[in-house]
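In what follows, a single structure is set out as structure tokens and then discussed.
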């Protein structure tokens, strides 16, 4: 254990059908947005459910805010808001019922409860649907309600499983703003997502899961810095036929390259900047050079490089 | 616990299966009194001042247990099916509190139905047959019905929690009730025909034996021998029978509720069933 606010240490979950998830280790400091990403079946939801005490680890430990979710779930839930993947609420209750029930269980009452419920309805844009039974809600509305009930009672930690799933673009922007506002208020948010672009915009830290393991974990800024994984350069040339594999491979530090029409993409070894040499080589070869630019690394690149290849960086 | 109890009442009222069963109970009540009203007066005359008893005893024999096991079978299993077990268990409540709220809510709902049809039986019998006698037994009769419903409510709860599928749990729990009921009837018949009392003794260990007769036994015992000239009431019942029935219900309910609680508190909460 390294003492993070959310700490998962060598978590191993064995299911009755023989499926084994883990060992998973991740650590999130307090006050950050932590994004958990990975393909379906990679173990994101299992990790989240163990953090909430809904499942018990077969081996390893989980601590959230210093609490053991399995034995101290009541204390933990007092300071935690949770929104489940594909939210489900009792269909015969109204949105207001759901929020009021959650508020009451979190110890709110009277004016404070009314204020919290109305704030949550307002933030989620569900004011006009407050009295409607949730059984008639669309997927997007349910998702917004899930986030609304998670923030009732001003929790310190928010654990959100795929909170953007099925949400329309306008609500997505709104949700992003809610998360940023909560982060500014010092809350710790852990959310899982399939959407790397969303994660890149929101998360301070990221954990990339694949086949039941965290393959990469770190600060998004560091992971996406130019040096990490090597510098990527894109060049547009005039005469692509003059570019041969030998020509590019002869350049110092070239890791790999791709030619697509008039666009040449080259990745250099980590810590090496071969832009000048590349430009000079292209001009000298007669291929010509229209433009040359650095390609920023994205989480998608990282995901493809590290996770899909199953190799740790 | 109050929140979960109210939730349980609202949930039961939102279920078609439950509404149908309640409708069936009330239709049975109405049909019973209609039949009694149509019978020749000389037949009804000896017990017309006890007509309220019919409306309490008849549903307590079978129908209330079917209702109880249906409510019980869905109490936990439907939450898994709907994915709402996650909703409850990610609030600041322990699993034991969740269990207590659900069991209490289910029992309160069953009690409300028993109370309603018992009052209805009193109103109908008074209206059709005039003033009723021995009404001091009314409360103990209704209370016995509520208490006896605990056995099959617990059967429903345990099967529902073990299977985590509401329809399958309802079918299995109902099968359990009818199997026990048939075996009990068979043992009683064979015992009466052969005079072998040990068979009747075995029947007292069956869950349906106490559940289906506690109400009638208590009322019969209260009325005394010969108050109503019908076979069950004519011979009278003993305090020992009441005690045996009460012990049977307590033993089954406690054991089954304990299994439910252990299962709920020691296993993973399954995700929404596909």
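Just so you know, all these numbers are worked out from the coordinates, no wet-lab data involved. Computed from a prediction, not measured in an experiment: that's the story for all the values here. FYI the Cβ positions are ideal-geometry reconstructions off the backbone, even for glycines, and counts take in every protein chain you see.
In terms of overall dimensions, the C-alpha atoms belonging to the stretch A:232-296 reach 29, 23, 18 Å along their principal axes, ordered largest to smallest. Dimensions of the stretch B:34-140 based on its C-alpha atoms, expressed as ranges along the principal axes with the largest first, amount to 63, 25, 18 Å. Tilt of helix A:139-151 relative to the longest C-alpha principal axis of chain A, in degrees (0 to 90, nearest 10)? With rounding to tens, the tilt is 70 degrees. Sorting A:283-290, A:210-217 by average packing, meaning the other beta carbons within 10 Å per residue, from highest down gives A:210-217, A:283-290. Taking Cα atoms, how many degrees apart are the long axis of helix B:136-163 and the longest axis of chain B, rounded to 10 and kept between 0 and 90? Compared with the principal axis, the helix lies near 30 degrees. Separation of the stretch A:5-30 and the stretch A:59-87, taken as the distance between their Cα centroids, equals 13 angstrom. The overall shape of the stretch A:6-225 is prolate: from the C-alpha gyration tensor, with semi-axes ordered a ≥ b ≥ c, the ratio a/c is 1.5 or greater and a/b exceeds b/c. Across the stretch B:2-265, the fraction of Cα-Cα pairs farther apart than 22 Å, rounded to a whole number, is 57%.
Expressed in units of 2.2 N^0.38 Å, where N is the residue count, the Cα radius of gyration of the protein assembly as shown is 1.36.
The calculated pair-distance distribution of the stretch B:117-268 uses every alpha carbon pair, bins of 5 angstrom beginning at 0, and gives 1, 9, 14, 18, 18, 14, 12, 8, 4, 2, 1, 0 percent. Averaged over the residues of A:86-96, the number of partner chain Cβ atoms lying within 10 Å of the residue Cβ comes to 4. Compared with the dominant Cα axis of chain A, that is its longest principal axis, helix A:110-124 is turned about 30°. Rounded to the nearest 500, the 222 nm mean residue ellipticity of chain A from helices alone is -9000 deg cm²/dmol, with -39,500 (n - 2.57) taken per DSSP H run of at least 4 residues.
Remark: mean inter-chain Cβ contacts per residue of B:43-50 equal 0, using a 10 Å Cβ-Cβ cutoff to other protein chain atoms. With contributions of -39500 (n - 2.57) from each DSSP H run of at least four residues, the per-residue ellipticity at 222 nm computed over chain B stands at -27500 deg cm²/dmol. Largest mean-square fluctuation among B:202, B:98, B:33, in a Gaussian network model of chain B whose springs join Cα atoms under 10 Å apart, belongs to B:202.
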